[in-house]
1. So which DSSP H runs in chain B come out at 30 Å plus along the axis (Cα) with average Kyte-Doolittle of at least 0.5?
2. If the convex hull of the alpha-carbon atoms of chain A is projected onto planes in all directions, what is the mean projected area in square nanometres?
3. Debye calculation, C-alpha points only, no solvent: report log10 I(q)/I(0) for region A:133-249 at q = 0.11, 0.21 Å⁻¹, in the same order as the q values.
4. Just add up the charged neighbours of residue A:250: K/R +1, D/E -1, any other residue whose Cβ is under 14 Å from the Cβ of residue A:250.
5. Let me know the charge dipole size of region A:133-249 about its Cα centre in debye, to the nearest 20, where only the beta-carbon of Lys, Arg (+1) and Asp, Glu (-1) is charged.
6. Determine the shielding of peptide A:287-296 by partner chains: average, over its residues, the number of Cβ atoms on other chains within 10 angstrom of each Cβ.
7. Using 18 Å as the cut-off for backbone N distance, which residues of region B:30-67 belong to the label zone defined by a point 7 Å from the Cα of residue B:401 along Cα→Cβ?
8. Can you give the net charge of the other residues whose Cβ lies under 13 Å from the Cβ of residue A:55, counting K and R as +1 and D and E as -1?
Amino acid sequence: MTLVPQMMNALTGRLLLLTAMLAAGLASAAAQQYPAKPITLVVPAAPGGVTDVIARAIGQRFSESFGKPVVIENKPGASNQIAAEYVARSTADGYTLLVSPEATFAINPYLFGKLHYNAAADFIPVAGLVKIHQALVANPSVPAHSVADLIALAKKDAGALNYGTYGVGSTGHLNMEMFEAMTGARLVAIHYKGATPALTDVIAGHIQLMFISIGSAVQPSKAGELNLLAVGSKERLPNLPDVPTIAESGLPGFEAVSWFGLFAPAGTPQPIVDQLNVLTQRVLSEPSFRAAILDPQYFEPMAGSPQEFSAFIKADAEKWQRVIRVANVKVD
Amino acid sequence: MIATALTDLWYGFGVALEPHNLMWCFVGVLVGNMVGVLPGMGPLATISILLPLTFGIPPVGAVLMLAGVMYGAQYGGAICSILLNLPCHPPHAVTCLDGFPLTKQGRGGVALGITVLASFVGASWGITEMIFLSPVLVRAALEFGPAEVCSLMLLGLLAGSTLARGSPLKGVAMTVLGLILGCVGTDLELGSERYTFGLTELDDGIALVALALGLFGIAEFMNSINQVAPISTRYTNVGLRDMRPSKGDLKLSAFPMLRGTIVGSLCSLIPGTGPTIASFVAYATEKRVSKTPERFGTGALEGVACPEAATHSSVQGDFIPTMSLGIPGDAVMALLLGALMIHGIVPGPQLISQHPDIFWGLVASFWIGNILLVLLNVPLIGIWVKMLAIPYRYLYPSALFFVCIGVYAANNDMFQVGEVIVIGAFGYLLLRLGFHPAPILLGFVLGPRFEENFRRAMLISRGDLGVFVERPISAVFVALCIILVGTQIYFRLRGSKADLEPAAENDGVAAASAPELTAHHAPVRPAE
């Protein structure tokens, strides 16, 4: 009768050994063969938005290069929390990735009392994708043709100008809060459900100002529907040399820029992260990708290793933490 | 201006009739039409599924196809509303009110025929408007600021709260319930959560698709479980003769179609007012102007023709701000612009001058696509009506299956499938108690837009309520609100004695508790 447990033990031992060998073999095979099945890029926004367009453009190049389909899964809602939570809880095998704007990582942690994911611990930053510089635009009826004019106007008549945002704590809101904090100007925030309805009301003159992606500002400003006062990049943009920066207009150090990155759940094998990073950088530097996707929208490609991207996020998060504290923006 | 528009349109037809573009347009309307029939699978889900397919084809073909999916889906959307009381897409929810009673009377085929016609009329006007009037209309649309939209929404709420048949008191109660449901989600100005019970999934409010499908589809499904036999025999009783609208039917629905078209095109101009609001407002208007409002809800053809025309003219009209300003009217339009961006084309005011092939090709393809849809749908009516011959025990469970898929596809989220089931169970309870769910949807759609714009108008005017009467457009809407409420009170006061007695005969209990009940507003009782 004692034989059975012994046999069982031996069997279990052998099975364990076998499993371990198999697992090791599979793991190395997985790393070599990645991707062996379709990859899902989770997008925390509705189809058609900027995040979605970036994810689809990158996803298409990924799928051409990998020879495997790349599926875009839109999970909008709750300030990116639904998508972030979903990816954080996915298997860390490189087949479920998150394409996200900065809000998920650099803003939400300071804005919300409680989050359904841990921005720092649940994810590995894989690669930065693009930066979108934000422009300060005004309705043409506003008697200000430069940032200096605007500051003077806002100070002369404190609280008379309204600006549009795309939600409490959105970058459109926080950039203007930062602008107010640095200039001492007083403006009134009017919140909208998205950038386009706010932009419509600026064009129509119901409100006067807003920060919006430079790509959305150039055409209406050429058509005379908007005044493009300045762009929030550190230096003038190479393809818009005539547009001054806010920094050079008397606010040194001011930067209003959004960025989008690729993230994997924590625990994703490093070789896969590196492989994805290298591929992303290759895609972003392809001349055809630049010409088709980046240049027409004034997107600036981001370069660098996963480590450099992590450091960039950390610096950006510190900036937003400061802005949120100074402006006292709270969301419960 | 008209001459240039015609030259441009001619050029557009040249683009749209190129064989490959024509093919993509046909593929788009066909797929859209087929998918539109499935409950819950709206154009948004379909376009986002098809989007990757367009990477390989030229931008003109891609846009033609995706736009085709969009208006094609609207044609298909009315079919299940009329035949199964399942609004495939929220704008068609209001079509259920009269479409389904028509089916019960065996006139589902006629209703579908009228729908195809109304759709074509509505769409044709929408396209014409886009060709000749878009620069003027865009300017007019920009006049609608927060104060104007707020007053307009108030008018819509007041006019629409007696949308459904039955006691006005119950109607108002349901509108208020809709308003309350519309409060769920994140407070726009403060960022704090309201009635979310800590559920992240409710942060952006209750999904409109889930509400429409739950209240109409699931609730009706549960309500009819006990009456399988009588209804299914009545369903299949559709003779060949009944499929074509008679001359009388056409005469009856001609003016409602035109009125619906006008309402739809007006709604499409006001930023962010999509086809759902258009179809509800159109139905409410039609009921107001009708000489026989008591027929509405019992199978009035006007109640099908008018909102369908409005939906289609609004959908086509939505392209005006989208294409001329680069400002999408709704989520589907945003997705179309996203598709353009992936092809490296930046939407904006200069799209028409920089990419005339896309703009005018698209406009021309609308005509071609709509004609294709009519040719496609008229022979299909017979097949759709045959669908009702499928035994209830197969038909409804499969419809429910598609409801779940459609609701899931809207956000890739199981939570919304749960939402639709809970709302459905609740809707069943309401139906049983004689409350009609249509005003809930109205309150839900208009309420948040009223609140949002009211607060915005107040912030901009620094708390001065006078803004609503100082701005001329807003003042007109406010005046209409006052006239509407005033005449209502006047007629009630004057006619209260005459109306009370027959009402008391019909339904003593209801009349006692609701003295303003009138004879023709006898509560609807679910057939038992």
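1. On the way: long enough: B:59-84 (38 Å, 1.53); B:108-142 (41 Å, 1.53); B:247-269 (33 Å, 0.65); B:356-386 (44 Å, 1.52); B:438-460 (33 Å, 0.62); B:472-506 (46 Å, 0.71).
Helices passing the filter in chain B: B:59-84, B:108-142, B:247-269, B:356-386, B:438-460, B:472-506.
2. Values: hull surface 80.5 nm².
Dividing the Cα hull surface by four gives the mean projection, 20.1 nm².
3. Each listed q corresponds, in turn, to -0.29, -1.21.
4. On the way: positive: A:155; negative: A:149, A:248.
Neighbourhood net charge equals -1.
5. Numbers: 7 positive and 9 negative charges, 17 e Å.
My answer is approximately 80 debye.
6. What the average comes to for A:287-296 is 2.
7. Counting only backbone N, you get B:35-41.
8. Numbers: positive: A:56, A:61, A:75; negative: A:52, A:73.
Summing Lys and Arg as +1 and Asp and Glu as -1 gives +1.
No lab work stands behind these numbers, since they all come straight from the coordinates. Quick caveat: nothing in here was measured; it's all calculated off a predicted structure. A quick note on method: Cβ atoms are made from the backbone with ideal geometry, for glycine too, and the neighbour counts reach across all protein chains shown.
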